[in-house]
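I have placed the structure first, in the form of structure tokens, so that the comments after it can refer back to it.
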Amino acid sequence: KAGVTQTPRYLIKTRGQQVTLSCSPISGHRSVSWYQQTPGQGLQFLFEYFSETQRNKGNFPGRFSGRQFSNSRSEMNVSTLELGDSALYLCASSLDQGAGGNEQFFGPGTRLTVL
Amino acid sequence: AQSVAQPEDQVNVAEGNPLTVKCTYSVSGNPYLFWYVQYPNRGLQFLLKYITGDNLVKGSYGFEAEFNKSQTSFHLKKPSALVSDSALYFCAVRDGVRGKLIFGQGTTLQVKP
């Protein structure tokens, strides 16, 4: 079974631009979560989508948004990029995060650098 | 609110020696606890989880974790460390049955030959 894939793997953008990151979950997984990883803040939850609906949301500004498609693929968008948005963005999928014991499977991440 | 803490930024151990990476948690209700490992420039890999049942949970790559309800701890252990175990380890707790994963700040494990 193929793992979680994320594209692109690396991105360089300038302040003020916007960016879209893509995530394809493991086949059959309907829950997709997004995380931001930085050296200073660690791993922080952005949002989770399940069956095309946002089920959970972290404490990020509205510049960060996401969506999920009917095939469970997900995208996240960051508008008006700031230097502080430079991070590794990780996507994770699970069978159903509603069942508390389901583990999440992570993709390799997208490394975003904002100049 | 649920939270998890990893009190050590780094753990150093010699190859062949047992290792422990510490994690404490704070939850209301039953805890759903996880350990993940991250190698450089990679995503997180699932190691093991505690949902219910036996307090000693066995996972991938010879790792195990001990759930202690009275001490609210979920320490990761391995009887004999390998150099290849050197990586960043994260403990996580589920924020409720349908909630997000909340991660600790991570512990760097350094295993020296």
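The values are calculated or read from the model by the stated rules, or taken from the named source; none is laboratory data. Everything numeric in this text was worked out from a predicted model, so none of it was measured. Note that each Cβ is placed from the backbone with ideal geometry, even for glycine, and that neighbours are counted across all protein chains shown. These accessible areas exclude ligands, DNA and RNA; they are computed on the full protein's heavy atoms, side chains included. Shrake-Rupley method; radii C 1.70, N 1.55, O 1.52, S 1.80 Å.
One table, with the values for the structure above:
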quantity: For B:Arg42: the one exception among (1) in contact with an Asp or Glu (Cβ under 9 Å, 6 or more places away or on another chain); (2) surrounded by fewer than 20 Cβ atoms within 10 Å (Cβ to Cβ); calculated: (1)
quantity: The range B:59-74 residues that are at positive phi and among the β-branched types (Val, Ile, Thr), paired with ones that are assigned to a strand (DSSP E or B) and open to solvent by less than 40 Å² (accessible area, probe 1.4 Å) (beta carbon under 8 Å, 6 or more apart); calculated: B:Thr72/B:Tyr25
quantity: Count of the range B:26-39 residues which are touching a strand residue (DSSP E or B) at 6+ places or on another chain (Cβ under 8 Å), within 14 Å of chain A (Cβ to nearest Cβ) and either hydroxyl-bearing (Ser, Thr, Tyr) or loosely packed, with under 15 Cβ neighbours inside 10 Å (or both); calculated: 3
quantity: Any chance B:Ala65 is under 27 Å from A:Gly109 (Cβ atoms), in a loop (DSSP other than H, G, I, E, B) and either open to solvent by less than 70 Å² (accessible area, probe 1.4 Å) or of a type in the set (Gly, Ala, Ser) (or both); calculated: no
quantity: Condition check for A:Tyr89: surrounded by 13 or more Cβ atoms within 10 Å (Cβ to Cβ), more than 9 Å from every other protein chain (Cβ to nearest Cβ), among the aromatic types (Phe, Trp, Tyr) and under 12 Å from the mean Cα position of the chain (by Cα); calculated: yes
quantity: Selected residue [more than 23 Å from B:Asn12 (Cα to Cα), open to solvent by 40 Å² or more (accessible area, probe 1.4 Å) and within 14 Å of another protein chain (Cβ to nearest Cβ)] from B:Ile51, B:Ile102; calculated: B:Ile51
quantity: Matching residues, the range B:1-50, being in a loop (DSSP other than H, G, I, E, B) and of a type in the set (Phe, Trp, Tyr); calculated: B:Tyr32, B:Tyr39
quantity: Count of residues meeting criterion [open to solvent by 60 Å² or more (accessible area, probe 1.4 Å), within 22 Å of A:Leu115 (Cα to Cα) and not hydrophobic (A, V, I, L, M, F, W, C)] in the range A:65-83; calculated: 2
quantity: The range A:96-115 residues that are modelled with pLDDT under 95, paired with ones that are of a type in the set (Phe, Trp, Tyr) and in a loop (DSSP other than H, G, I, E, B) (beta carbon under 7 Å, 6 or more apart); calculated: A:Gly100/B:Tyr32; A:Gly101/B:Tyr32
quantity: Selected residue [in a loop (DSSP other than H, G, I, E, B), exposed (fewer than 15 other Cβ atoms within 10 Å of the Cβ), small (Gly, Ala, Ser) and within 14 Å of chain B (Cβ to nearest Cβ)] from A:Gly28, A:Gly40, A:Gly62, A:Gly16; calculated: A:Gly40
quantity: Conditions (1) at pLDDT 95 or above; (2) open to solvent by 60 Å² or more (accessible area, probe 1.4 Å); (3) facing chain B (nearest Cβ under 10 Å); number of the one not met by A:Tyr35; calculated: (2)
